[in-house]
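These notes are about the structure you will find just below.
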Ligand code: M6R
């Protein structure tokens, strides 16, 4: 989705902005632009459709834009097609103001009509341009830029993170936020804004997260922040724990591959601090054992891969806690008039902590009195801040659009949460509890074993990269795992793929199996191995090629029937998907590599989905 970076200081702004935009590329975008301001030359803007390299080329072919304050933007089109004119920054009719905007101005038609009546000429088809035009219009009544900004914000409906430059204030940058992430960065004689810390991490790790309704005025002398009533406020500073190298490829061809390889360490960081003397300990949680006993219903709400984590979680939490758990897609949940009340626990899962549908579901749950506990990767993100409790997955920054290490850490943390709640309810046998804890301790090492050799996945990808469609089948936890394997494959390789509960094949899907169809049969869930074997025979006898994924002790049995067998070490059943997902990630990765796809930035996708 769209990205924002802004700078004011003593250095030329353009290189800082371009570097920041490059670091935001992973979020997905279709056009990019920068604006800078100087006393001599006023506002100068360059923007264009396409990759950042196109913008760089345009900038290289002209005299440098001059100014030590500026704003930059990567756009992911919502209102108006991706083209040069619709790209940000947008500048007002008489060139007094330039803005970058993330989010959607819902009442832009009404504002546009009002301004058209006043004789304002619009250039773009975007909702965002109204902000620039309205600001200039408000300058007629307010000579102080901050007065004008507040007058504009009063009229805006919808979501916005805004970066604003004024032609006559060449060292000043104004930022405003409502329902779209924006953070402030504090440097030495310089200040920054960014929609995501990765954009400014090379310059500062000292940040503050803006809250809804806040407005910030940044100059090289520092940052002043005001609340919605324009009262000055002191922001709490946060130190970003990871450094710039965590957001760089470090010699790997792709971020996705690097992040797959980082999974053992990410799991170690997530699990180890929460295991003590053979027990799961969540020091960061406010929720008590008494609260857990009060909950009559548990919901897990998320989107995409985070939803798939929830699917695994349902099986695991119900097994450990013997409490019914419902999993819902956030985009459905928010409009479903959900049956939740103050005795409900809603577990919200999100890597970015900014997914709009998930955020809306969270608010819906809180409005109805539920207790919301979120599992989030990005510290200080909106979802983390609006939850009653938050458990952070310490996966570090995840840059590839296709999630890998965030999925793995979410999975482990949700299972740990289930185990902890089961203990609160006194519903888990001590032997089972001890077995899960001991396998949690061993999990990073077992995962390291899985990622240590990749040849088999490369080989299989070389055989199957031309398939038109690939099916994933499995039962119980393997069904939930297949959903993620299938999504991974389709999002980065663009091969059509479906995931089915294997028992459903005979109810329709099996008609799609023909000579040469590739079926990934997931058979890691020991108790249902016989059933998995029957399903493999079923599809083989209709001509399918079968790649089976199982645990080491079942290799021989599956080699007798499948075309190829992938194995993973055995662990406790509730943790088996944590090992099972890695071969599926690697298979998808190598297939996409063979097909020459843009693995880290798949077409049409964005890393953080901040629109509905
Ligand atoms: O940041 P979130 O976890 O809330 O994101 C949810 C989905 O958009 C995300 O998991 C998406 O499905 C990924 N591209 C999957 O790889």
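Some observations on this one:
- Residue satisfying condition, being surrounded by 23 or more Cβ atoms within 10 Å (Cβ to Cβ) and outside any loop (DSSP other than H, G, I, E, B), within set 534, 521, 462, 438: 521
- Selection status of residue 20, within 20 Å of residue 197 (Cα to Cα) and assigned to a strand (DSSP E or B): no
- Residues in region 541-568 that are touching a strand residue (DSSP E or B) at 6+ places or on another chain (Cβ under 6 Å), farther than 16 Å from residue 475 by Cβ and in a helix (DSSP H, G or I): 552, 555, 559.
- Scanning region 495-507 for residues that are within 16 Å of the ligand (Cβ to nearest atom) and not in a strand (DSSP E or B) returns a single hit, 495.
- Residues satisfying the stated conditions in region 353-394, i.e. assigned to a loop (DSSP other than H, G, I, E, B) and away from the ligand (no atom under 11 Å from the Cβ): 368, 369, 370, 379, 380, 387, 388, 394
- Qualifying residue in region 59-76 (condition: out of contact with any strand residue (DSSP E or B) (no Cβ under 9 Å at 6 or more places or on another chain), surrounded by 15 or more Cβ atoms within 10 Å (Cβ to Cβ) and touching a residue at least 12 places away in the same chain (Cβ under 8 Å)): no
- Test: residue 432 is more than 29 Å from the chain's Cα centre (by Cα), part of a helix (DSSP H, G or I), farther than 30 Å from residue 281 by Cα and more than 16 Å from the ligand (Cβ to nearest atom): no
- Region 401-422, residues that are buried (at least 24 other Cβ atoms within 10 Å of the Cβ) and either under 13 Å from the mean Cα position of the chain (by Cα) or closer than 20 Å to residue 244 by Cβ (or both): 402, 403, 404, 405, 406, 407, 410
Each row is one residue, and each column tells you yes or no for (1) over 21 Å from the mean Cα position of the chain (by Cα); (2) more than 16 Å from the ligand (Cβ to nearest atom); (3) touching a residue at least 12 places away in the same chain (Cβ under 8 Å); (4) outside any loop (DSSP other than H, G, I, E, B).
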{"site": "570", "(1), (2), (3), (4)": "yes, yes, yes, no"}
{"site": "579", "(1), (2), (3), (4)": "yes, yes, yes, yes"}
{"site": "601", "(1), (2), (3), (4)": "no, no, yes, no"}
{"site": "605", "(1), (2), (3), (4)": "no, no, yes, no"}
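A quick yes/no check of all residues on (1) out of contact with any strand residue (DSSP E or B) (no Cβ under 6 Å at 6 or more places or on another chain); (2) closer than 24 Å to residue 433 by Cα; (3) exposed (fewer than 15 other Cβ atoms within 10 Å of the Cβ):
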site	(1), (2), (3)
238	no, no, no
243	yes, no, yes
246	yes, no, no
268	yes, yes, no
272	yes, yes, yes
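- Within the set 510, 492, the sole residue that is assigned to a helix (DSSP H, G or I), out of contact with any strand residue (DSSP E or B) (no Cβ under 6 Å at 6 or more places or on another chain), assigned by TED's automatic domain parsing to the domain that holds residue 547 and touching a residue at least 60 places away in the same chain (Cβ under 8 Å) turns out to be 492.
- Candidates 189, 213 - the one that is surrounded by fewer than 20 Cβ atoms within 10 Å (Cβ to Cβ), assigned to a loop (DSSP other than H, G, I, E, B) and modelled with pLDDT of 95 or more: 213
- Residue 592 vs. criteria within 16 Å of the ligand (Cβ to nearest atom) and either in a helix (DSSP H, G or I) or touching a helix residue (DSSP H, G or I) at 6+ places or on another chain (Cβ under 9 Å) (or both): yes
- Residue check for residue 2: under 12 Å from residue 75 (Cβ atoms), under 21 Å from the mean Cα position of the chain (by Cα) and either in contact (Cβ under 8 Å) with a residue 60 or more places away in the chain or surrounded by fewer than 22 Cβ atoms within 10 Å (Cβ to Cβ) (or both): yes
- Residue match in region 21-34 (condition: buried (at least 24 other Cβ atoms within 10 Å of the Cβ) and more than 28 Å from the chain's Cα centre (by Cα)): no
- Given (1) over 30 Å from residue 169 (Cβ atoms); (2) without any contact (Cβ under 8 Å) to a residue 40 or more places away in the chain, number of the condition residue 263 does not satisfy: (2)
- Every residue from region 146-166 that is surrounded by fewer than 21 Cβ atoms within 10 Å (Cβ to Cβ) and in a helix (DSSP H, G or I): 146, 147, 150, 151, 153, 154, 155
- Single residue of region 284-342 satisfying the filter (free of Cβ contacts under 8 Å to residues at least 40 places away in the same chain and within 27 Å of residue 576 (Cβ to Cβ)) that is farthest from the ligand (Cβ to nearest atom): 324
- Residue 542 at pLDDT 95 or above and surrounded by fewer than 18 Cβ atoms within 10 Å (Cβ to Cβ): no
- Yes/no for residue 282 being outside the structural domain of residue 7 (by TED's automatic domain parsing) and farther than 30 Å from residue 344 by Cα: no
- In this entry, residue 260 passes the filter for residues that are under 20 Å from residue 395 (Cβ atoms), modelled with pLDDT of 95 or more and either outside any loop (DSSP other than H, G, I, E, B) or in contact with a helix residue (DSSP H, G or I) (Cβ under 7 Å, 6 or more places away or on another chain) (or both).
The values are calculated or read from the model by the stated rules, or taken from the named source; none is laboratory data. Everything numeric here is computed off the predicted structure, so don't read it as measured data. Because the Cβ atoms are built from the backbone with ideal geometry, glycine has one as well, and the counts that use them run over all protein chains shown.
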